[in-house]
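Reading through the structure tokens given below for one structure.
The values are calculated or read from the model by the stated rules, or taken from the named source; none is laboratory data. What you see is a predicted model; the values in this text were computed from it and never measured. Here the Cβ positions follow ideal geometry from the backbone for every residue, glycine too, while neighbour counts run over all protein chains shown.
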Amino acid sequence: MLQILFYKYQNVYMIRVIISKLEKILLKNYPYFMTPENIKLKTLEMTFEGPEEFRGNANQIRGFFASKFNEYDQLHNHNTDRFYYRYPLVQYKVLDRMLLIVGINEGAEILKGLFDKFDTVTLPHQNFEITERSLRLKKQDFGLTKSLYFYEFLTPWLALNKENKEKFFETRNPEEQKEILRKTLVGNLLSMSKAFGYTVPDTIKCDVNVEVKRSKYKNLDFTSFTGGFMTNFLIPDFIGIGKGVAKGFGTVRKIRM
């Protein structure tokens, strides 16, 4: 069982030594562990700056795009006035008061075409004038890997549904709670993989180190988690896992060694 509190270690050398030892343990116990077969995702990161601080939230940004460019259902996950769920290919974030929109595959192509189609983001309590904008188009690895990677949550992770929320709070055993979150994380990665047409060739291994928080989602209070995790899975920076990713929840970033 992987039980490392990774972000408490400040010494990079120590972290590398720990990772190396963990990889040896995993390879010993799982001889067919981690086939290095992954795919490339096209991602686009679009940021905007203005003369004043951005005061909106991710859901308001999503509402602006859904209203202004309603013909692209990838921007809002509605089709013919009906909502339908799929992994969002366009995700809206506010990180350190910075407006960030991430597109994946088809979503990246749509955002690229809209990059210079507006000069103001109209919000309920602010008309945010854009004076600077940037666009970064990348091809990033996604999928199972031989190495272990650490990730941090830049925004709260909405991990629990109704069923596993009851299980999580019924047990008082921290290890049982952690195991629920491990299984949930693996489920999140499998769901993402299915959305991208990627078949995971072997076992996903992970460990989590998170704290319970409260977050607002759809005007309701939700249990969320902050902190991070470790896994043998490559995830592009700034994309989300779990619930509410279109509205900025569950945004991850790899911790660079």
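Is it true that some residue in region 71-82 is assigned to a strand (DSSP E or B), of a type in the set (Ser, Thr, Tyr) and surrounded by fewer than 19 Cβ atoms within 10 Å (Cβ to Cβ)? No, the conditions are met nowhere in region 71-82.
Does LYS117 satisfy the condition of being surrounded by fewer than 21 Cβ atoms within 10 Å (Cβ to Cβ), in the same structural domain as GLY227 (by TED's automatic domain parsing) and on the phi < 0 side of the Ramachandran plot? It is false that LYS117 is surrounded by fewer than 21 Cβ atoms within 10 Å (Cβ to Cβ), in the same structural domain as GLY227 (by TED's automatic domain parsing) and on the phi < 0 side of the Ramachandran plot.
Any residue in region 63-74 that's of a type in the set (Lys, Arg): show its pairings with residues that are outside any loop (DSSP other than H, G, I, E, B) and surrounded by fewer than 17 Cβ atoms within 10 Å (Cβ to Cβ) at Cβ separation under 9 Å, as long as the two are six or more apart or on different chains. Once the first residue is of a type in the set (Lys, Arg) and sits in region 63-74, its partners that are outside any loop (DSSP other than H, G, I, E, B) and surrounded by fewer than 17 Cβ atoms within 10 Å (Cβ to Cβ) give LYS68/THR122.
Of these, ARG256, ARG172, ARG214, which one is out of contact with any Asp or Glu (no Cβ under 8 Å at 6 or more places or on another chain), loosely packed, with under 13 Cβ neighbours inside 10 Å, among the charged types (D, E, K, R) and farther than 20 Å from GLU45 by Cα? Please lay out each step first, then the result.
Details: ARG256 fails: farther than 20 Å from GLU45 by Cα; ARG214 fails: out of contact with any Asp or Glu (no Cβ under 8 Å at 6 or more places or on another chain).
None of the other options fit; the residue is ARG172.
Restricted to region 207-257, and to residues there that are assigned to a loop (DSSP other than H, G, I, E, B) and touching a helix residue (DSSP H, G or I) at 6+ places or on another chain (Cβ under 7 Å), the residue that is modelled with the lowest pLDDT is MET257. Count of region 218-237 residues, restricted to those that are crowded, with 20+ Cβ neighbours inside 10 Å and either within 12 Å of the chain's Cα centre (by Cα) or closer than 25 Å to LYS42 by Cβ (or both), is 7.
Given the structure, is LEU123 within 12 Å of MET46 (Cα to Cα) and modelled with pLDDT under 95? Taking the combined requirement at face value, the residue does not satisfy it.
If only one of GLY197, GLY187 is exposed (fewer than 15 other Cβ atoms within 10 Å of the Cβ) and either assigned by TED's automatic domain parsing to the domain that holds THR231 or within 17 Å of VAL245 (Cβ to Cβ) (or both), which one is it?
Working: GLY187 fails: exposed (fewer than 15 other Cβ atoms within 10 Å of the Cβ).
One residue alone meets the criteria, GLY197.
For every residue, the table says whether it meets (1) without any contact (Cβ under 8 Å) to a residue 40 or more places away in the chain; (2) charged (D, E, K, R).
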{"position": "GLU132", "(1), (2)": "no, yes"}
{"position": "GLN140", "(1), (2)": "no, no"}
{"position": "LEU144", "(1), (2)": "no, no"}
{"position": "THR171", "(1), (2)": "yes, no"}
{"position": "LYS183", "(1), (2)": "yes, yes"}
{"position": "PHE196", "(1), (2)": "no, no"}
{"position": "VAL208", "(1), (2)": "yes, no"}
